[in-house]
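Here the structure is laid out as structure tokens; the discussion comes afterwards.
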Amino acid sequence: MPSIRDNRLRGDAERLAAIDQSSELIDIRALSGNPPDRYQVVYSCRGIAKLERGAPVYSKRHELELVLPAGYPLSMPQLIFKSPIFHPNFHASDGRVCIDQWFAAANLSDVVLMVGNMVRYANFNPQSPLNREAAIWASANRSLFPTDVQPWFRGDGHLTDLIEIDPARASGDLVIELG
């Protein structure tokens, strides 16, 4: 019988696959585990890679590694940027991501979208910075934010509009089919 963790990992894998199939801006690839417990997420949106002489250097490719530890979902996922990123809530030297709070009921797909919005500076918390320099810069330079308004998903831009859940499945497994 599958464990609670395995069931959760399977559900997460299905929701992340739905994002991958439905978005031209987010590419998600399972790296290890069956069900997967490690992913590579690539955001193709405008974000800030670094500052040069106080001016932002923008990038349109941001690579994140997402690792689900043995204690997941009770333990928070590890989120680490593998490409340069300049943001108040991303650590400058090792790429760690601060998401403030984690709840076991939180959806991993929502975390992936939240981090993408952070890359675009649509979401950040200067009060809880991992990168103090970025927090100071962000507070003084809102006009230079790389906010990308292109929706993550085709159509109207909402993942929930693309997921259909068939309640008639006898097995009780969650199956996501894109419409």
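Each reported figure results from applying straightforward, stated rules to the coordinates on display, with no laboratory input. If you're wondering where the values come from, they're calculated on a predicted model, not measured in any experiment. Reconstructed Cβ throughout: ideal geometry from the backbone, glycine too, with neighbour counts over all protein chains shown.
For the reader, a short list of remarks on this structure follows.
- Computed from point charges on the beta carbon alone (+1 for Lys and Arg, -1 for Asp and Glu), the dipole magnitude for the stretch 1-91 about its Cα centre is near 240 Debye.
- Most fluctuating residue given options Gly47, Gly116, Gly33, as computed from a GNM of the chain linking Cα atoms under 10 Å: Gly33
- Span-like helix ranges in the chain, DSSP H, alpha carbon extent 15 angstrom or more, Kyte mean at least 1.0: 108-119
- Per principal axis, descending, Cα span of the chain in whole Å: 60, 36, 25
- Average Cα contact separation per residue, the stretch 41-96, under 8 Å, 6 or more apart, as relative contact order %: 30 percent
- Considering only Gln150, Gln21, Gln40, the Gaussian network model of the chain with Cα springs below 10 Å gives its largest mean-square fluctuation to Gln150.
- Phi angles across the stretch 29-41 convert, under the Karplus curve 6.51 cos²θ - 1.76 cosθ + 1.60 with θ = phi - 60°, into 3J(HN,Hα) values of 10, 5, 9, 7, x, 9, x, x, 10, 8, 9, 10, 10 Hz, Gly and Pro given as x.
- Computed from backbone phi with θ = phi - 60° and the Karplus coefficients 6.51, -1.76 and 1.60, the 3J(HN,Hα) list for the stretch 142-151 is 4, 5, 9, 4, x, 3, 9, 8, 4, x Hz; x is used for glycine and proline.
- Those trypsin sites (Lys or Arg not before Pro) in the stretch 66-150 that DSSP places in a loop and that have at most 16 other beta carbons within 10 Å: Lys82
- Put simply, the amide H of Arg96, placed in the peptide plane, has neighbours under 5 Å in Phe81, His91, leaving out anything fewer than 5 places away on its chain.
- Gaussian network model of the chain, springs between alpha carbon atoms under 10 Å - residue of Val149, Val112, Val67 with greatest fluctuation: Val149
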